[in-house]
Amino acid sequence: MEKGISISREEIIKLLKCREKEQQGLFHKAAQIRNENVTKNVYFRGLIEFSNRCCNDCLYCGIRRSNNKLLHYTMTKNEILDAVDFSSRAGYASVVLQSGEIRTKEFISFVEDVVKKIKTKYPDMAITLCVGEQDKETYTKFFNAGAERYLLRIETSNKVLYKKLHPSEMSFENRKQCLVDLKVISYQVGTGVMIGLPGQTIVDLADDILFIEKMGIDMVGMGPYIPHKDTPLGDYAVDKEDNMQTGLNMISVLRIVMPQINIAATTALQALDPLGREKGLSAGANVIMPNVTPQKYRESYQLYDGKPCVNEKSEDCLNCISGRIRSVGLNPAYNEIGTSLFYKQRVKNGC
Ligand code: SAH
């Protein structure tokens, strides 16, 4: 099945709200569609949070510019290469280099050089960048250096809400344009949203699904919004359980709408529930992102409170992760880069 099932906005809203028996049915259907389309393989992305420096001041984010309690760090190129080496030995055939957003010349050439170094030493390693909004020239530079995937969450597709959650110099339009640019350059493009943001409604979330569908996105990472105490939204009370359930329903609905994309069972799910990532997989996700950032930096990369695995080393994951995947009847796909099938089709069709 190549094409997703077309679902109306009203139907999506209904599905996002469903709970209990109906919800189990939704998960079951999505898992079945996942198995038929992208198989039972779960792909690994070793997550390297290489710098927490950021020029942005997003109201929800723990590494925002104004959080002066943060100890700033940028990993050295050798530390990044060591994390890639660890991933390679662990059988994680793909790495994600994530950081705050910096647009200086130095930062751009640092990233470009590190990508080149990784590609030289590990030519088979698929590299995803997640370094925020950059101009088209920079995205092209990174692509030519060897990064073939890029993650940039739209955060919310509701423009009014976007404006409320971001400083005035950021704009929904620019972020969307970045996604368009990335597609034009031929990246495998990922986006995503947070679920349960202050002021966000279920209708917004249904529109997020439709946005992702309309943009023809290849891979998605979405997770519940979790407050961080040192942010302006830190005191906003969230219904964690409800956000968790809606988050799982988002995965299922998106899988039904876009059967061939890659969907991550994100860390934020695990932050709210120790079995969150397994639940994400059971709801239709097919990607997992073990953290391979050196332990000494993890405490300083807390996007939200209660981020899991902060006190763990990359090695600690090795024993636990395959068991977690197998526990929900899926297959840990070691040493496979797991290119998005949707992307492959898109390239074949020239769009
Ligand atoms: N600078 C990069 C990476 C940002 S951090 C970029 O702009 O893409 C990665 C993601 O963490 C963000 O896109 C956001 O969706 C998520 N995030 C940030 N704060 C969060 C919070 N409080 N709760 C849940 N997710 C959060």
> Which listed residue (GLN24, ASN56, ASN68) has the Cα farthest towards the positive end of the charge dipole for segment 11-94, taking +1 on Lys and Arg C-beta and -1 on Asp and Glu C-beta about the Cα centre?
Replying inline: GLN24
> Once you charge only the Cβ atoms, +1 for Lys and Arg and -1 for Asp and Glu, what is the size of the charge dipole of segment 18-97 about its Cα centre, to the nearest 20 debye?
Replying inline: 160 debye
> So which GluC sites (Glu not before Pro) in segment 132-179 are both in a DSSP loop and have at most 13 other Cβ atoms within 10 Å of their Cβ?
Replying inline: GLU169
>> With θ taken as phi - 60° and the coefficients 6.51, -1.76 and 1.60, list the Karplus ³J(HN,Hα) couplings across segment 177-182 in order, rounded to whole Hz; mark glycine and proline as x.
In response: 4, 4, 5, 5, 4, 4
> Length gain on complete extension for the stretch LYS159 to HIS28, per 0.36 nm per residue less the alpha carbon to alpha carbon distance?
Replying inline: 43.9 nm
>> Whole-Hz ³J(HN,Hα) for each residue in segment 275-283, computed from phi via Karplus 6.51 cos²θ - 1.76 cosθ + 1.60 with θ = phi - 60°, x for glycine and proline: what do you get?
In response: 9, x, 5, 4, 5, x, 5, 5, 8
>> Taking θ = phi - 60°, what integer Hz values does the Karplus form 6.51 cos²θ - 1.76 cosθ + 1.60 yield along segment 185-197, in sequence order, with x for Gly and Pro?
In response: 6, 5, 5, 7, 9, x, 9, x, 9, 9, 10, x, 5
> Once you sort the root eigenvalues of the Cα gyration tensor of the chain as a ≥ b ≥ c, which label holds: rounded (a/c under 1.5), prolate (a/b larger than b/c) or oblate (the other case)?
Replying inline: rounded
> Order of VAL257, VAL287, VAL238, VAL203 from fewest to most other C-beta atoms within 10 Å?
Replying inline: VAL203, VAL238, VAL257, VAL287
>> What whole-number distance in Å separates the alpha-carbon centres of segment 107-180 and segment 247-320?
In response: 20 Å
> Can you pull the percent of Cα pairs in segment 274-325 with separation above 13 Å?
Replying inline: 61 percent
> Taking amide H positions as placed 1.01 Å from N in the peptide plane, with prolines and chain starts having none, which residues 5 or more places from ASN291, or on another chain, fall under 5 Å of its amide H?
Replying inline: LEU47
> For the chain, what is the calculated [θ] at 222 nm in deg cm²/dmol (nearest 500), taking -39500 (n - 2.57) for each run of four or more DSSP H residues and dividing by its residue count?
Replying inline: -14000 deg cm²/dmol
> Which FRET efficiency, nearest 0.05, do LEU71 and ASP242 yield, Cβ-Cβ r, R0 45 Å?
Replying inline: 0.85
> Rounded if a/c is under 1.5, else prolate if a/b is larger than b/c, else oblate: which is segment 1-125, with a ≥ b ≥ c the root eigenvalues of its Cα gyration tensor?
Replying inline: oblate
> Distance in nm between label sites at LYS17 and ASP235, each 7 Å beyond Cα in the beta-carbon direction?
Replying inline: 3.2 nm
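Might you report the magnitude of the Cβ-based charge dipole of the chain about its Cα centre, with Lys and Arg at +1 and Asp and Glu at -1, to the nearest 20 debye?
500 debye
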> Antiparallel DSSP bridges in the chain: what percent, to the nearest 5?
Replying inline: 5 percent
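Since every read-out is calculated from the coordinates, none of them should be taken as a lab result. The shown structure was predicted, so the numbers you read here are calculated from the model rather than taken from an experiment. Note: ideal-geometry Cβ built from the backbone for every residue, glycine included; neighbour counts use all protein chains shown.
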